[in-house]
Structure formats: C-alpha cells, structure tokens
Amino acid sequence: MDAVIYNIEGKKSDTIFLPENIFGVRWNADLVKQVADSLMSAKRKNVAHTKDRSEVRGGGKKPWQQKGTGRARHGSIRSPIWVGGGVTGGPRNEKNFDRKVSKKMRIKTLYTLLSQKLRDGEVLFVDSVKLSEPKTKKAIEALHALSNVKGFENIFSKKNNATIIALSGKNKETERAFSNLGNIEVLEARNLDPLSLLQYKYLIIETCDLNIVPHS
C-alpha cells in the first residue's frame, strides 16, 4: 500500500509504503465505541459531592433526652432524616468511572481509525512540518499551501477540530507556531490516541524519522 508524500509547500515530493497491519485494518464500530467510551470515562471529572453524616457540621450533642419527652429518640441532628443532616446514597467525588480495556484493544482501535481515515481521504503525509520561524503567520502559510492538495481544501478553514498534526518527534518551535490556532492540534505521533482521531477531521503525519519506509 503506497501513499504520496508532500512537502510543506503542498507539492509532491516522494511516495511512502504503508504497512497493512496499521493502515489496512477493517472497520470495527463496536471496538471503537467500547474503547472510546473507556477513554472518555477515564477523563471524566467528579464534581458532584454530597456530605454524609460524618462530614456535616454540628450534632455533637444529643438533641433531647432518650426518654420522657414523648418524642421519638434521636442521637444526632446529623442523621440523614434531619433537615441539614447528612445525605444517604448521594453522589461522591471518590467514585471511579474508569472502564478498563486491554492495551491490545486500544492499539487495534488506533489502527482501525487510522485505516478508516486513510480510506476516507483524510490523512496527509508531509515530509517535514518544520517552519522557518516559530510564528503563527508561518503556520497559517503552511496550512494554506497544504490546502491546495486535492481533498484537503478545508484543512484550515473548518471552524472547529479541523486538523491534528502528528510530528515525528518533539519540536517546540512548530508547536509554538500552531499554538494560537484553536482548530489545530499538534502532538507527537507516538502520542496519537483514538479520541484525538475521532475529534479531528484531518490528520497530517510528518514522515521524517518515523518507522514508515519511504520509497526513493
């Protein structure tokens, strides 16, 4: 399986061989949903929190004597049946929403999404995303040049979640140049995850220094 490599000016520069086990995986909707749900659950933050009877204030003294008043016996105003008392069965911030999935499932989901994006024409291979200067202006110029590639006209014009750029290695200058563009995400290729691929429409992969063999 071969694909075209473009340079930062949006012109063809080479071809690349894509391994079938990464870019030729069949679509599996059930697997993708299961792993996506698991990853989103792991990111879920506990906000709602109710206090039980050990956490509310007051109640150190018995409200009234045990017998002789004609009223029901009570030991503390912190009891859940009292107004202002603790809550029974309410939401707690220590609840764990994690849904465990195996490492093999996460990897298979990542490969499944990469394969589907490639079939949908949403993956663009670029030999290098290094810019001459770490400025937003240079980043915009590069995106406009790459938008001339057929099928990638909306690589920058899409208002939200337009493109994710996967760099072959750490490049602080490139990250800084794209940091002011809200619809663009830049990360290292090794940090790609299924949620990122589901969130952003287009994927730009920097091929230099990756373990994907280019054809000379």
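The values are calculated or read from the model by the stated rules, or taken from the named source; none is laboratory data. Predicted, not measured: the structure shown is a model, and the values here were computed from it. When we count neighbours, we look across all protein chains shown, and the Cβ atoms used for this are built from the backbone with ideal geometry, even at glycine. Surface accessibility is based on the protein's heavy atoms, side chains included, excluding ligands, DNA and RNA. Shrake-Rupley method; radii C 1.70, N 1.55, O 1.52, S 1.80 Å.
Below is a table of values for the structure above.
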{"read-out": "Pro63, sole failed condition from (1) in contact with a His (Cβ under 6 Å, 6 or more places away or on another chain); (2) under 30 Å from Leu143 (Cβ atoms); (3) not small (Gly, Ala, Ser)", "value": "(2)"}
{"read-out": "Candidates Ile77, Ile107, Ile81, filtered to the one that is more than 30 Å from Leu187 (Cβ to Cβ), surrounded by fewer than 16 Cβ atoms within 10 Å (Cβ to Cβ) and out of contact with any Lys or Arg (no Cβ under 6 Å at 6 or more places or on another chain)", "value": "Ile81"}
{"read-out": "Exclusive hit being in contact with a Cys (Cβ under 7 Å, 6 or more places away or on another chain) and either surrounded by fewer than 19 Cβ atoms within 10 Å (Cβ to Cβ) or farther than 27 Å from Ala29 by Cβ (or both), set Ser157, Ser179, Ser168", "value": "Ser168"}
{"read-out": "Residues being open to solvent by less than 60 Å² (accessible area, probe 1.4 Å) and part of a loop (DSSP other than H, G, I, E, B) - total across region 1-48", "value": "9"}
{"read-out": "Filter result for Val149 (within 24 Å of Pro19 (Cβ to Cβ), open to solvent by less than 30 Å² (accessible area, probe 1.4 Å) and touching a Ser or Thr at 6+ places or on another chain (Cβ under 6 Å))", "value": "no"}
{"read-out": "Subset tally (residues that are on the phi > 0 side of the Ramachandran plot and free of Cβ contacts under 8 Å to residues at least 24 places away in the same chain) for region 25-72", "value": "2"}
{"read-out": "Qualifying positions in region 131-145 - under 24 Å from the mean Cα position of the chain (by Cα) and buried (at least 17 other Cβ atoms within 10 Å of the Cβ)", "value": "Ala139, Leu143"}
{"read-out": "Residue check, Glu94 part of a loop (DSSP other than H, G, I, E, B), in contact (Cβ under 8 Å) with a residue 24 or more places away in the chain, acidic (Asp, Glu) and loosely packed, with under 11 Cβ neighbours inside 10 Å", "value": "yes"}
{"read-out": "Lone unmet requirement of (1) under 19 Å from Lys201 (Cβ atoms); (2) surrounded by 13 or more Cβ atoms within 10 Å (Cβ to Cβ) for Gly121", "value": "(2)"}
